[in-house]
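Asks: Can you keep this structure in mind? I'll have questions shortly.
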Amino acid sequence: MNLIDILVVEDNDDDVVLIQAAFSEGKVVNRLIFVRDGEEAMTYLRKQGAYVATSTPGIVLLDINMPKKNGFEVLTDIKADPRLRAIPVVMLTVSDREEDIVRSFEQGACSYIRKPVSLTRFIAIVKEFELYWSLVSKVPNLNR
């Protein structure tokens with residue numbers, strides 16, 4: 001199994017609790033790191049300030065609608081940075097707007113997951129997510 005750190009960029013406290021519960025119930029052993037907005041995400045990824053000693057995550061789960069810097073701005077920044085562009089970014093959002101889906105892929109997201117309302121459905125999605133990213137897909141080790 002490929003253990004990776006997962007950076008979750010999410011500003012909604014209810015969604016943070018839902019994500020934590022789903023990953024816990026889904027028995028996902030990867031470490032979740034939560035940041036509250038797009039600016040904090042970029043500070044974390046660039047290892048600045050309080051995050052100078054952090055490891056580079058193997059994947060980023062990115063919400064679209066956030067304060068300070070939205071998910072599309074963060075995605076653009078990640079894909080424009082040669083040190084970060086290889087990190088897979090999964091958009092994890094409530095939006096099911098076709099234009100958001102298209103824009104996400106055009107800007108370099110590798111997947112788009114709509115947040116379900118029910119915990120049961122979200123746990124099922126998390127289990128599938130974990131199987132794919134831990135057993136099927138390979139991600140680059142950017143901490144070498």
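Asks: Out of the helices (runs of 4 or more DSSP H) lying entirely within region 1-114, which hold 3 or more residues that are touching a helix residue (DSSP H, G or I) at 6+ places or on another chain (Cβ under 8 Å)?
Replies: Counting at least 3 such residues, we get 13-25, 38-45, 71-80.
Asks: Show the residue pairs meeting these rules: Cβ distance below 7 Å; 6+ apart or different chains; first residue within region 90-107 and closer than 21 Å to F122 by Cα; second residue in a helix (DSSP H, G or I) and hydroxyl-bearing (S, T, Y).
Replies: M91/S104
Asks: Determine which single condition P88 fails, assuming it passes every other condition in (1) surrounded by 16 or more Cβ atoms within 10 Å (Cβ to Cβ); (2) out of contact with any Asp or Glu (no Cβ under 8 Å at 6 or more places or on another chain); (3) over 19 Å from D5 (Cβ atoms).
Replies: Of (1) surrounded by 16 or more Cβ atoms within 10 Å (Cβ to Cβ); (2) out of contact with any Asp or Glu (no Cβ under 8 Å at 6 or more places or on another chain); (3) over 19 Å from D5 (Cβ atoms), only one is false for P88: (3).
Asks: If I go through region 93-144 residue by residue, how many of them are polar (S, T, N, Q), modelled with pLDDT of 70 or more and buried (at least 16 other Cβ atoms within 10 Å of the Cβ)?
Replies: Adding up the residues that qualify gives 5.
Asks: Also: Starting from region 7-20, take each residue that is without any contact (Cβ under 8 Å) to a residue 40 or more places away in the chain and list its partners that are buried (at least 22 other Cβ atoms within 10 Å of the Cβ), counting only C-beta distances under 7 angstrom and pairs at least six apart or across chains.
Replies: From region 7-20, the pairs are V16/E10.
Asks: When region 35-67 is examined, which residues are found to be of a type in the set (A, V, I, L, M, F, W, C) and buried (at least 17 other Cβ atoms within 10 Å of the Cβ)?
Replies: Filtering region 35-67 down to residues of a type in the set (A, V, I, L, M, F, W, C) leaves 35, 41-42, 45, 50, 52-53, 59-62, 64, 66.
If the condition is that a residue be of a type in the set (A, V, I, L, M, F, W, C) and buried (at least 17 other Cβ atoms within 10 Å of the Cβ), then V35, A41, M42, L45, I59, V60, L61, L62, I64, M66 are the ones that fit.
Asks: Write out, first by first residue and then by second, each pair whose Cβ atoms fall under 9 Å of each other, whose residues are 6+ apart or on separate chains, and whose first residue, in region 48-68, is more than 30 Å from P116 (Cα to Cα) while the second is assigned to a loop (DSSP other than H, G, I, E, B).
Replies: Within 9 Å, the pairs are A53/K47; T54/D5; T54/K47.
Asks: Can you pull out the residues in region 19-29 that are farther than 24 Å from M66 by Cα and surrounded by 14 or more Cβ atoms within 10 Å (Cβ to Cβ)?
Replies: E25, G26, V28, listed by residue number.
The values are calculated or read from the model by the stated rules, or taken from the named source; none is laboratory data. As the structure is a prediction and not an experimental result, all values here were calculated from the model. Backbone-built Cβ (ideal geometry, glycine too); neighbour counts: all protein chains shown.
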